[in-house]
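Comments concern the structure below.
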Amino acid sequence: MTISPQATGAHCSQFSTQPGSRSKRWNRQELRRCGATGTTKSRNLSLRGKVHPIFTNWVDMDQELDRELEQPLLLASRLLEEAGLPWMSDFLAHDIFTENYPGRKPSCRCSFGSTFPGSSREVVPKTIVRHHRATWAVPEHTDEWLRTTRRQLEGKMADALTWQLDADMHREKGWVGYTCRHPRCELPLDELDRYENIEWWDRGCDEDRWRKLTILVATEFPARMAELRRQGKEHGEEYLLTAFMATMNILHELGHAVYWKDCRALTRDLREPYYGADLEMELGDSFVASIFGGWAPVPIKDLAQLREELEFSDGIAWRQSLSWNFHRLRPKYRAHYSIPVDYVARLFREESWREAGNNILRDVIRPRDLEPCFSGIGIDEHISVDGQHAAAALSDFHCVGQGWMWNRLPGAPFRIPQYDGYLCPDLDLPVATDDVIEEARPLPPLQPAAMVTPATPKLNNDNCDITAISSPFSPFSPSSLEKFPQPPRGRKMNNVTKKIALDKRREPGEKKSTHVSQIPRFVKVAKEDPDLLSPDKSEISVDELRCRLSQLLGVSFDELEKFFEASRCA
């Protein structure tokens with residue numbers, strides 16, 4: 001007899017009180033009572049405006065199906081602009097493939113990634129760094145990142161993506177969307193994303209190394225909406241939920257495409273990085289969950305039944321995403337909460353967006369009543385009792401004949417290794433310790449600091465000592481300030497007057513410098529420079545300080561020596 005994961009739930013609950021160890025099936029009456037299904041109110045999808053350029057390049061589009069995708073694409077445009085840009089900016093406003101990118105280091109101490117001959121694995125990030133969460137990310141920085149992201153999405157990114165409906169992939173593969181890492185060019189599904197094919201297409205990329213991608217969307221979404229319209233049900237519940245899940249599918253694939261647009265992402269295993277503190281390697285789900293505050297919409301209907309027919313008459317639900325910020329345990333049974341039809345209808349109503357004003361993210365997009373239970377494990381009984389959401393705890397593992405194994409996507413491990421592979425549902429799970437994962441932190445940028453133009457010293461002929469002069473280490477008046485890049489923090493230097501020698505030490509054969517004093521200018525420091533001062537380094541030699549100050553200030557080495565060389569005249 002085949003054992004289902006749900007069959008172990010009652011047995012498990014008798015022995016374990018560990019959070020996430022109890023299963024709970026969906027209750028149909030509870031779903032109807034919470035407004036997730038069975039509503040009869042007529043609902044109009046009334047969003048207006050322009051579709052974002054990133055979603056406009058569709059090919060081989062049937063006119064009838066194009067009409068059905070209008071509202072889903074308008075909603076996708078709103079969600080991207082109002083809630084998705086911070087997540088996108090970590091890919092588009094920062095180069096994630098540079099050698100000094102903090103996310104290249106494995107965030108889990110148990111991670112040992114393998115490399116493949118001829119691959120670019122050494123430059124592929126393990127984790128995408130969340131810049132907006134940095135303590136130094138002031139509005140001046142974040143606003144610039146968002147502006148850069150908008151330009152990229154409307155320009156190069158929009159040019160790189162081609163969208164296409166596919167009538168075969170759901171029936172043959174069970175896919176509802178797919179991001180192809182090269183142009184489709186009528187290739188069959190089995191030949192998509194072969195390493196050799198991607199590599200061949202990458203050879204023709206421009207100097208910026210951006211790929212041309214084809215994103216496939218299951219034809220079943222607009223086809224089902226068109227069928228419901230022919231039946232006179234375009235104002236009904238199922239039409240609304242189908243349009244919403246089509247939007248989620250489009251945004252999900254965009255979350256994959258923003259990473260795979262770069263040719264440097266190619267590896268033989270085609271593995272993606274984790275995003276931020278996510279515990280699951282799935283950029284599409286990560287992007288969607290970031291929009292809704294840590295929840296990703298999923299169908300309530302069993303996946304096996306969806307494979308036969310893609311329809312959402314059974315309702316949809318929020319699935320909890322797991323983050324190292326809150327979770328040290330992978331629940332055996334993942335918490336799900338039903339999504340009210342009224343909530344979805346509000347997203348498609350133009351008046352809702354207009355009335356929300358500046359509070360769109362909180363008042364329209366994110367499910368505020370679920371905020372208290374995101375950081376927990378298992379079902380929050382208060383949410384279930386309130387009657388706003390029906391709740392279920394669905395198994396996050398499956399039977400493989402020889403035992404129980406955690407659910408996972410092919411080639412995508414769980415971030416905490418102990419929760420990947422086999423498990424025993426009847427036993428409590430070990431809780432991960434705080435030192436298992438260390439999320440990569442963004443490097444702070446060089447900040448402007450005060451600097452003055454070095455003055456020619458006035459010498460006292462009696463003892464060759466230098467009279468008081470303005471120096472980088474002495475007090476100065478605000479009127480003489482110059483904006484200049486400041487290196488990372490090191491040991492503070494006392495405000496002292498330096499002695500300067502008339503005789504300067506030079507290397508053999510070095511000519512006397514005739515370089516005159518010049519006004520400091522902005523100097524761009526290469527990101528890849530490994531010799532920049534580290535915030536954690538408390539000491540530095542004088543010679544090293546001279547060299548680095550010379551690079552940062554853009555002045556000659558000789559000029560700097562005036563402030564460091566000990567006097568030989570004494």
- request: Could you state the accessible area per residue of region 126-215 in Å², with a 1.4 Å probe and every protein chain left in place?
  value: 53
statement: Inter-part gap, Cα centre of region 118-191 to Cα centre of region 56-88, in whole angstrom, is 15
query: Can you work out ³J(HN,Hα) from phi for every residue in region 405-415, in order, using Karplus 6.51 cos²θ - 1.76 cosθ + 1.60 and θ = phi - 60°, giving whole Hz and x for Gly and Pro?
result: 10, 4, 5, 7, 7, x, x, 10, x, 6, 5
- prompt: Quick one: what Rg and Dmax do you get for region 202-241 from the alpha carbons, in Å?
  reply: 18.5, 52
statement: Probe 1.4 Å, all chains present, heavy atoms only: residue 352 accessible area in Å², nearest 10, is 10
query: In whole angstrom, and with the biggest value first, how far do the Cα coordinates of region 37-89 range along each principal axis?
result: 41, 30, 20
- line: For 375, 286, the accessible-area ranking with a 1.4 Å probe, largest leading, is 375, 286
- prompt: Tell me, what is the 1.4 Å probe accessible area of residue 67, in Å² to the nearest 10?
  reply: 140
statement: Counting only protein heavy atoms and leaving out ligands, DNA and RNA, the solvent-accessible surface of residue 59 at a 1.4 Å probe, in Å² to the nearest 10, equals 50
- line: Of every hundred units of 1.4 Å-probe accessible area on region 169-321, the number belonging to carbon and sulfur atoms, as a percent, is 45
Label-to-label distance, nm, for residues given as residue 350 and residue 95 (7 Å Cα→Cβ offset): 4.4
- prompt: In what order, largest first, do 25, 209, 181 sit by accessible area if the probe radius is 1.4 Å?
  reply: 25, 209, 181
query: Once you list every other residue whose beta carbon is under 10 Å from the beta carbon of residue 183, what net charge do they have if Lys and Arg are +1 and Asp and Glu are -1?
result: +3
- prompt: FRET efficiency for residue 48 and residue 210, Cβ-Cβ distance as r, R0 = 30 Å, nearest 0.05?
  reply: 0.40
Residue 166 long-range amide H proximity, modeled H, under 5 Å: 217, 218, 219
- request: Calculate, for region 355-448, the solvent-accessible area per residue in square angstrom, rolling a 1.4 angstrom probe over the heavy atoms of the protein chains.
  value: 54
query: Can you run phi through the Karplus equation (6.51, -1.76, 1.60; θ = phi - 60°) for region 265-272 and list ³J(HN,Hα) in whole Hz, with x for Gly and Pro?
result: 7, 5, 9, 5, 8, 6, 7, 9
field: Inter-probe distance in nm under a simple model that places probes 7 Å from Cα toward Cβ, at residue 168 and residue 434
entry: 5.4
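For region 351-421, give the percent of accessible area contributed by carbon and sulfur heavy atoms, probe 1.4 Å, rounded to a whole number.
Working: 1730 of 3600 Å².
Here carbon and sulfur together make up 48 percent of the probe-accessible area.
The values are calculated or read from the model by the stated rules, or taken from the named source; none is laboratory data. The structure presented is a predicted model; accordingly, all values stated were derived computationally and were not measured. We place every Cβ from the backbone using ideal geometry, glycine too, and count neighbours over all the protein chains shown. Surface areas here come from the heavy atoms of the whole protein model, side chains and all, with no ligands, DNA or RNA. Shrake-Rupley method; radii C 1.70, N 1.55, O 1.52, S 1.80 Å.
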